[in-house]
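The values are calculated or read from the model by the stated rules, or taken from the named source; none is laboratory data. This one's a predicted model, so the numbers in the text were calculated from it and none came from an experiment. Ideal geometry is used to build each Cβ from the backbone, glycine not excepted, and the neighbour counts take in all protein chains shown. Remember, those area values only see protein heavy atoms, side chains included, never the ligands or the DNA or RNA. Shrake-Rupley method; radii C 1.70, N 1.55, O 1.52, S 1.80 Å.
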Amino acid sequence: MGSRGLDLSALPEDCIENVLSLSGPRDTCRLSVISSLFRSAAESDAVWQKYLPPDYRSIIARSADPSILTRFSSLKDLYFSLCDNPILIDDAKLSFWLDKSTGKKCYMLSARNLVIVWGDTPRYWKWTSEPECRFGEVAELIQVCWLEIRGKISASLLSPATFYSAYLVFKSPTETYGFDYSPLDVSMGLAGAESPRRSVYLDSGRGRRRGYQTGRRRIGLVSRMFMSGMHAPGPVVESDGPYPRERKDGWFEIELGEFFNNEGEEGEIEMSVYEIKGGNWKGGLIVQGIEIRPKDKKGGS
């Protein structure tokens, strides 16, 4: 190292690839603008192989179109496709994608993948389709006084050493009733263990009034990140408090809880939503599913 510091262009490309693979997808896109050498290294399959989950091939093989593995000329292109275009797996009852900033695994359990008490009784629930839904069916609540929805996912399917949050994804048409002032109990935790519980409201009208619009992104390096593929945040905004938030895809979400998935965690993670004490009739809710994604700890939610 001389008086002017280290000449990065003197480093071999495989050394730069190793450094980038330890930095994360976002920083790799940022560093790709430093020089042509860094840009070449940032396109390397050796780098993006580290960002893809170790089991990404077996997950894609569970989809109806496993040819996605051969559709892209680079692993970087495959990575961003899995971030921007969730795929359906397990007979189209589970949606899978990657968190763009970290490469962590995300899932949504379809309504058909949930346990909905009285869900197969036409008097109480009906199964129908809904535009802009990832799945072929959604569950529409006709009327119940006992509302109970539960979902489970194996901890081994999630990224290790990661904080996750679960969200009920739903719509509340204008004819929804019974949710204005009736709190629901929600939770998330290992099945069979005591899980923290809290009360939330599914009054999406109140949630909409409390909603916010995201600001414009920074320019400069971020604009160049867009050109490199690190563009457009996911289709959701973070949810906080006891009221739902409106998502960019037009649905609403309410946070059910959070869970730290330890390295080597075993068992199933269970999410629950229920209101069984009030006895009042409720109806009109449309349930798409339960989404599980890494929690943004910086957001304070």
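Structural remarks
- Qualifying trypsin sites (Lys or Arg not before Pro) for the range 73-182 [loop in DSSP, other Cβ within 10 Å: at most 16]: R123
- Straight Cα distances below 20 angstrom link K100 to the lysines K50, K76, K248, K295, K297, K298, with same-chain residues fewer than 8 positions distant left out.
- In this label model, N85 and R197 are separated by 4.3 nm, measuring between points 7 Å along each Cα→Cβ vector.
- Stretching the chain fully between E175 and N262 yields a gain of 27.1 nm (0.36 nm per residue, less the alpha carbon separation).
- Ordering I149, I276 by accessible surface, largest first, gives I276, I149; the 1.4 Å probe counts only protein heavy atoms, with every chain in place.
- 3J(HN,Hα) along the range 151-161, derived from phi through the Karplus expression 6.51 cos²θ - 1.76 cosθ + 1.60 where θ = phi - 60°, amounts to x, 9, 8, 5, 4, 5, 6, 8, 6, x, 6 Hz, with x in place of Gly and Pro.
- Top positive-direction residue, dipole computed over the range 99-164 with Cβ charges, set L109, P122, S159: S159
- Per-residue HN-Hα couplings for the range 93-105 [Karplus 6.51, -1.76, 1.60; θ = phi - 60°; Hz; x = Gly/Pro]: 9, 9, 10, 10, 7, 10, 6, 5, 6, 10, x, 5, 7
- Using the Karplus relation 6.51 cos²θ - 1.76 cosθ + 1.60 with θ = phi - 60°, the per-residue 3J(HN,Hα) values for the range 170-176 come to 8, 10, 10, x, 4, 8, 5 Hz, with x marking Gly and Pro.
- Y107, Y274, ranked by accessible area, largest first (probe 1.4 Å): Y274, Y107
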